[in-house]
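Just below is one structure, and these are the notes that go with it.
The values are calculated or read from the model by the stated rules, or taken from the named source; none is laboratory data. Computed from a prediction, not measured in an experiment: that's the story for all the values here. Don't worry about glycine lacking a Cβ; one is built from the backbone with ideal geometry, like all the others, and counts go over all protein chains shown. With ligands, DNA and RNA removed, areas are computed over all heavy atoms of the protein, side chains included. Shrake-Rupley method; radii C 1.70, N 1.55, O 1.52, S 1.80 Å.
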Amino acid sequence: MTQKATNIHWHAGNLTREERWKLLKARGCTMWFTGLSASGKSTIASALEQVLVQRGVHCYRLDGDNIRHGLNKNLGFSAEDRAENIRRIGEVAKLFADSGCIALTSFISPYRKDRDLARQMHEKDGIAFIEVFVDAPIEVCEQRDPKGLYKKARAGELKGFTGIDDPYEAPEKPELVLKPATMSVEESVKVCLAELSKRGALPTWAD
Ligand code: ADP
């Protein structure tokens with residue numbers, strides 16, 4: 001995306017990222033949950049957030065619906081708006097991670113290109129990006145349907161719904177794959193914690 005403003009300069013501040021993280025005893029990264037609607041992204045991310053915060057780890061969840069109430073209020077579900085939605089979330093998650101926070105994002109983020117852009121933003125700045133594919137078959141999602149969205153989409157009352165009349169491009173090389181049809185929420189949380197531990201993202205007292 002081209003930059004509109006001119007005469008703007010990056011101000012680095014008085015601390016390096018390493019100094020900040022060391023002083024705060026924190027290590028930021030982004031865990032990016034992607035998957036069909038009702039696959040379990042928010043449920044798993046919320047449970048993980050709860051465990052981490054209870055252990056005293058700075059962690060924050062950016063959730064699809066919640067972000068669309070505020071920051072991304074002006075965006076819908078066209079391919080263009082979905083791309084802008086993900087671009088903004090990628091930038092915000094990166095800022096959270098840079099501050100030393102473990103940012104958990106739960107967005108369908110159906111397009112590979114958009115997710116890859118979010119990954120690149122992180123990796124070019126040296127911040128870990130952990131893509132977590134919440135891989136539940138559509139039949140399971142449709143049966144769970146906690147918000148009744150599949151029912152609406154099947155009835156033709158909701159257009160452009162991912163998995164029904166809009167595509168979902170599964171990740172090719174996600175760092176983690178969770179299978180909510182056969183894994184409990186607790187098991188999924190354990191797998192995420194193990195990955196964070198492996199990457200040294202957990203402070204000693206929480207590891
Ligand atoms: P998403 O954020 O992907 O749209 P949600 O987390 O909102 O999905 O919804 C998933 C639904 O599936 C919830 O009602 C949750 O309680 C239910 N569910 C049942 N079993 C599991 C499981 N093993 N893992 C995740 N969610 C589960």
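Estimate the FRET efficiency between L23 and R154 by the formula 1/(1 + (r/R0)^6), using the beta-carbon distance for r and 41 Å for R0, to the nearest 0.05. Before the final figure, lay out the partial values.
Working: r = 53 Å, r/R0 = 1.29.
Computed FRET efficiency for L23 and R154 comes out at 0.20.
Placing pseudo-labels 7 Å out from each Cα toward the beta carbon at K124 and D65 gives an inter-label distance of 3.4 nm.
When the accessible area of the chain is computed with all protein chains present and a 1.4 Å probe, what percentage of it is carbon and sulfur? Display every interim value, and only then the final one.
Details: 6220 of 11630 Å².
Within the chain, the accessible surface is 53 percent carbon and sulfur.
Normalised by the number of residues in the range 1-101, the mean separation of alpha-carbon contacts (under 8 Å, six or more apart) gives a relative contact order of 41 percent. Taking every protein chain into account, the 1.4 Å probe leaves E169 with about 60 Å² of accessible area, to the nearest ten. A probe of 1.4 angstrom, applied to the heavy atoms of all protein chains, finds M183 with accessible area near 40 square angstrom. Spacing of the modelled spin labels on T182 and A194, each 7 Å from Cα toward Cβ, amounts to 1.5 nm. Close amide-amide hydrogen proximity is noted between A136 and L36, each under 5 Å apart and 5 or more residues distant or on a separate chain (H modeled in the peptide plane; Pro and chain starts excluded). Per residue, the range 98-207 exposes 52 Å² of accessible surface when a 1.4 Å probe is rolled over the protein heavy atoms with every protein chain present. Using only Cα atoms, locate the centre of the range 141-207 and the centre of the range 6-81, then give the distance between them in Å, rounded to an integer. So the separation of the two Cα centres works out to 16 Å. Coupling constants for the range 102-109 follow from the phi torsions by the Karplus curve (6.51 cos²θ - 1.76 cosθ + 1.60, θ = phi - 60°), and in residue order they are 8, 8, 10, 10, 10, 9, 3, 6 Hz; glycine and proline get x. Placing +1 on each Lys and Arg Cβ and -1 on each Asp and Glu Cβ, with no other charges, gives the chain a dipole about its Cα centre of roughly 420 debye.
Using bins of 10 Å that start at zero, the share of Cα-Cα pairs per bin across the chain amounts to 8, 34, 35, 17, 5, 0, in whole %. Averaging the sequence gap over all C-alpha pairs within less than 8 Å and six or more residues apart, then dividing by the number of residues, gives the chain a relative contact order of 31 percent. Bridging of K22 to aspartates and glutamates at a Cα separation below 17 Å is possible for D98, D207, once same-chain residues fewer than 8 apart are set aside.
Summarising the amide proton neighbourhood of C59: residues at separation of 5 or more, or on other chains, whose placed amide H is nearer than 5 Å comprise I102.
Over all pairs of different C-alpha atoms in the range 30-135, the reciprocal of the mean inverse distance, the Kirkwood hydrodynamic radius, equals 13.7 Å. Note on K113: lysines with a C-alpha under 26 Å away, same-chain residues under 8 apart excluded, are K4, K41, K73, K94, K124, K159, K173, K179.
Sequence-distant contacts, meaning Cα pairs under 8 Å at least 6 residues apart, place the relative contact order of the range 110-181 at 49 percent.
A cut-off of 5 Å between modelled amide H atoms, ignoring neighbours fewer than 5 places along the same chain, links L158 with A153.
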